Amino acid sequence: MSTKYVFVTGGVVSSLGKGIVAASLGHLLTERNYKVSIQKLDPYLNVDPGTMNPYQHGEVFVTEDGAETDLDLGHYERFIDTNLKQANSVTSGRIYSDVISKERRGEYLGATVQMVPHVTNEIKEKIRNAAKETAAEILIVEVGGTVGDIESSIFIEAIRQFKNDIPRNDTAYIHVTLVPHLKAADELKTKPTQHSVELLRSKGIQPDVIVLRSDKSIPKALREKVSLFTDVPVTNVIESKDCKSIYQVPLVMQREGLASCVLAKLNLEDKKPGLSVWNEVVAKLINPEYPKLKIGLVGKYTKLSDAYISVSESIRHACAAQDHGVEIVSILSDDLDSYARAEEMLCDLDGIVVPGGFGDRGIEGKLNAVRWARENKKPFLGLCLGLQCAVIEFARNVLGRKNANSVEFDSAAADPVIHLMEEQKDIEDKGATMRLGLYPCKIKPGTKAHQAYGLNLIDERHRHRYEFNNAYREEIEANGMVISGTSPDDSLVEMIEITDHPYFVACQFHPEFLSRPGKPHPLFSGLVKVLIQQGNELSQKAS
Ligand code: GLN
C-alpha cells in the first residue's frame, strides 16, 4: 500500500490541542491495525528546539535516535506507543539550513533559489522522507502555528501542493478550530471558525474534516451552520469538548467518528478499533476514588506545566497503574533557599522528584531538597540534573567536600564531582552537541535499580553534556552511595542510589521519555510502590 497522508492544521488561536487531536487520530488508526506515524512541522527558525528556554517552548522531547524535538512528539509516542525519529520533527530552521547547504554545494546550479519551488520542495521531501523512514501506511502531519501566521505560510503552501503530487484519495486535511463561548450572551460562536476556514480555502486547501474545540457541547444546528459555510459535510464537522484527561480524547474522537471520516476520504477500510485496553487505562488515570499521593516536582520552570510534561505524565502513569491518583506539587527550587525552608516546603509531601535542567539558577535549592530527602529518608527520584545534584550534595555533606560542584555551575570548582568528558571539551557549538539519544546501561545486581527493572542491561535516552567524575568514584562508594548503573564498559556512571534509604535513586538519563499510559516506567513505578507501602505502614500504625 502506498502511504496516505493526513494533514492537521489549526485556526483561530494557538494552544488548541492540535497535537492531541493528531495523536488521538494516530491512536484510533493504530487500534485499527494501520501502521501510523506522526510528523510535526514547526514554523520557528531554530534548527531544533534544543537551544530554546523551556518557558518559550515547553519541554524538549528526545527521540531514541537523539533528536531534540517538540513536546508534541512525546504525546505522539505515548498515544501511538511507537518510537519516533529525527525525521518526525522538522522546523523551518532545518528546512532553510538544508536548502542553503544545498545551494552552497551547487545542487541548484544555474537556478535562482526561491521559496517556491525550492523551499516547498524541501518541505515535501521531508514529509515523504518521514513516511519512508517510518514505513508508515498513514503519516499524520501536524503543522505548528495557526493558519494565517506569516511563519507557517510556506508549510501551508507545501501541503497544498502535496495533494497534487499523489492520487487525490491519498491525502486528507483536518482543520482544528476554536468555538468560543461568550459568557455575557451565553452563546457559542462559529464566526471565527468560518473565517479561519475561509482563510485556509484562500490558500487552496479545502478541509475534509473540521474539529471544533470548545468547553461546551456544540448543538447540531451550529455544526450545520459550520458545514453550510465551509462545504464540509455535517458528519465531518466534529466536536472536541474539553476533557479531564488528554487520554480521554481518543475515546471522544472515536465517538465523534474522526477516524471513520478520515478513512473514508483516504478510501481505506474502516475497521472496529480494539479500544478495551485503552478504556481500562483511561479509567484508572481518571478514577476519582483512588487515594491520592502527593509528589513534589522541584524544578525551575514550574510556572509552565509543559516544561516537565513527560515527567508529570510518567508520574501519573505509574500512580494509575497501582490504583492511585496523584497531586503533583510544583516547587520552585529558588524558593528552597535554606535547609529549614526546604523542610517547611517538603515535609508534607510523600515523595520528591528532581527533574533535569540547565544552568545554575535554583541549584542550591535543589541541593537543599536532595539533602532533606536523603537525611529524612523521603523517597526521592533524581533525573539527569537530579542525579548530578544528588552527587554534589553527597560530596558536600557526606564526604565533607564543601566546595564540590559541577563544572557547569563553577568552572573552577575545587571538587568537580560532575565534569566535562574529554571529547566534549573542545566543542563550542551549543546545538545538538550533547550526549543525545539511546545508550545502553548495565545494572548492578542486588540494587534497587535492578529490582525495579528486573534486567541486567537496559537502554535509556540521554540529553546532557556533563558526567559523573570517576576520580571520586571510590570515595563516594566507600561512603555509602552505590553506583547501580554504568555504561557497559564501566566508564560512565549512569545510575546511583543509597542503600540505607527506602528509595533514593537517580539516573543520568531521562526515563520519563519511555513511560507510556498502561506501561509505566520501572523507576517511576519503583518510587510509587515505596510511597504506597509507606502510606500503608503509616495507616497501620495509626490504627
Ligand atoms: N545540565 C546538565 C548537563 O548538561 C543536566 C542536563 C539535563 O538535566 N538534561 O549535563
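The values are calculated or read from the model by the stated rules, or taken from the named source; none is laboratory data. None of the values given here were measured: they were computed from a predicted structure. Neighbour counts run over all protein chains shown; Cβ positions are idealised from the backbone, glycine included. To get the accessible areas, we keep the full protein, side chains included, count just its heavy atoms, and leave off ligands, DNA and RNA. Shrake-Rupley method; radii C 1.70, N 1.55, O 1.52, S 1.80 Å.
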Checklist outcome for this item: Residue hits (region 118-140; in a loop (DSSP other than H, G, I, E, B) and open to solvent by 40 Å² or more (accessible area, probe 1.4 Å)) are Ala135, Glu137
Checklist outcome for this item: Turns out the helices (runs of 4 or more DSSP H) fully within region 215-285 with at least 1 residues that are more than 29 Å from the chain's Cα centre (by Cα), modelled with pLDDT of 95 or more and among the charged types (D, E, K, R) are 220-230, 258-265
Next on the checklist: So, in region 141-159, exactly how many residues are free of Cβ contacts under 8 Å to residues at least 60 places away in the same chain and in a loop (DSSP other than H, G, I, E, B)?
Outcome noted: 1
Checklist entry - Among (1) over 17 Å from Asp81 (Cα atoms); (2) in contact with a His (Cβ under 7 Å, 6 or more places away or on another chain), which single condition is Ser314 missing? => result (1)
Checklist entry - Which of (1) open to solvent by 10 Å² or more (accessible area, probe 1.4 Å); (2) closer than 21 Å to Arg374 by Cβ; (3) touching a Phe, Trp or Tyr at 6+ places or on another chain (Cβ under 6 Å); (4) among the aliphatic types (A, V, I, L, M) is the odd one out, the single condition Met345 does not satisfy? => result (3)
Item to check | Search result, residues across region 197-214 that are under 28 Å from the mean Cα position of the chain (by Cα) and open to solvent by 10 Å² or more (accessible area, probe 1.4 Å) | outcome: Arg213
Next on the checklist: Within region 409-431, take every residue that is touching a helix residue (DSSP H, G or I) at 6+ places or on another chain (Cβ under 8 Å) and within 13 Å of the ligand (Cβ to nearest atom) and give me the one that is farthest from Glu494 (Cα to Cα).
Outcome noted: Lys430
Item to check | Residue count for region 317-341, restricted to those that are of a type in the set (S, T, N, Q), outside any strand (DSSP E or B) and surrounded by fewer than 19 Cβ atoms within 10 Å (Cβ to Cβ) | outcome: 2
Checklist entry - Would you pick out the residues in region 60-70 that are open to solvent by 10 Å² or more (accessible area, probe 1.4 Å) and more than 26 Å from Ile156 (Cβ to Cβ)? => result Glu64, Asp65, Gly66
Checklist entry - For Met481, all conditions in the list (1) within 23 Å of Phe513 (Cβ to Cβ); (2) more than 16 Å from the ligand (Cβ to nearest atom); (3) buried (at least 18 other Cβ atoms within 10 Å of the Cβ); (4) not acidic (Asp, Glu) hold save one; what is the number of the exception? => result (1)
Next on the checklist: Just to be sure before I move on: is Lys442 closer than 18 Å to Gln508 by Cβ, touching a Gly at 6+ places or on another chain (Cβ under 8 Å) and more than 13 Å from the ligand (Cβ to nearest atom) in the structure I sent?
Outcome noted: yes
Item to check | Subset tally (residues that are closer than 20 Å to Ala135 by Cβ and at pLDDT 95 or above) for region 1-32 | outcome: 15
Next on the checklist: Tell me yes or no: at least one residue of region 456-465 is open to solvent by 10 Å² or more (accessible area, probe 1.4 Å), over 18 Å from Val353 (Cβ atoms), of a type outside the set (Ser, Thr, Tyr) and within 16 Å of the ligand (Cβ to nearest atom).
Outcome noted: yes
Checklist entry - If you take the residues in region 354-378 that are among the basic types (Lys, Arg) and within 16 Å of the ligand (Cβ to nearest atom), which one is surrounded by the most Cβ atoms within 10 Å (Cβ to Cβ)? => result Lys366
Next on the checklist: Would you confirm, using the coordinates I've provided, whether Leu436 is without any contact (Cβ under 8 Å) to a residue 60 or more places away in the chain, closer than 26 Å to Gly362 by Cα and either of a type in the set (A, V, I, L, M, F, W, C) or open to solvent by less than 50 Å² (accessible area, probe 1.4 Å) (or both)?
Outcome noted: no
Checklist outcome for this item: Taking first residues from region 383-408 that are closer than 19 Å to Gly351 by Cα and more than 16 Å from the ligand (Cβ to nearest atom) and second residues anywhere that are open to solvent by 10 Å² or more (accessible area, probe 1.4 Å) and among the small types (Gly, Ala, Ser), the pairs with Cβ under 8 Å that are 6 or more apart or on different chains are none
Next on the checklist: What's the total number of residues in region 84-108 that are surrounded by fewer than 17 Cβ atoms within 10 Å (Cβ to Cβ) and of a type outside the set (Asp, Glu)?
Outcome noted: 9
Checklist entry - Counting just the residues of region 12-34 that are β-branched (Val, Ile, Thr) and open to solvent by less than 50 Å² (accessible area, probe 1.4 Å), which one comes out nearest to Lys271 (Cα to Cα)? => result Thr30
Checklist entry - Picking from Leu399, Leu381, Leu387, which residue would you name as being modelled with pLDDT of 95 or more and surrounded by fewer than 23 Cβ atoms within 10 Å (Cβ to Cβ)? => result Leu399
Next on the checklist: Of the conditions (1) outside any loop (DSSP other than H, G, I, E, B); (2) of a type outside the set (A, V, I, L, M); (3) surrounded by fewer than 24 Cβ atoms within 10 Å (Cβ to Cβ); (4) modelled with pLDDT of 90 or more, Ser37 satisfies every one except a single condition; which number is it?
Outcome noted: (3)
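Residue by residue, here is whether (1) within 16 Å of the ligand (Cβ to nearest atom); (2) farther than 27 Å from Gly437 by Cβ; (3) outside any helix (DSSP H, G or I); (4) modelled with pLDDT of 95 or more holds:
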site: His501; (1), (2), (3), (4): no, yes, yes, yes
site: Glu512; (1), (2), (3), (4): yes, no, no, yes
site: Leu527; (1), (2), (3), (4): no, no, no, yes
site: Val530; (1), (2), (3), (4): no, yes, no, yes
site: Gln534; (1), (2), (3), (4): no, yes, no, no
site: Glu537; (1), (2), (3), (4): no, yes, no, no
Checklist entry - Can you pull out the residues in region 468-478 that are surrounded by 14 or more Cβ atoms within 10 Å (Cβ to Cβ) and either of a type in the set (D, E, K, R) or in contact with a Lys or Arg (Cβ under 9 Å, 6 or more places away or on another chain) (or both)? => result Tyr472, Arg473, Glu475
Checklist outcome for this item: By residue number, the members of region 98-117 that are assigned to a helix (DSSP H, G or I) and either more than 25 Å from Val8 (Cβ to Cβ) or within 13 Å of the chain's Cα centre (by Cα) (or both) are Ile100, Ser101, Lys102, Glu103, Arg104, Arg105
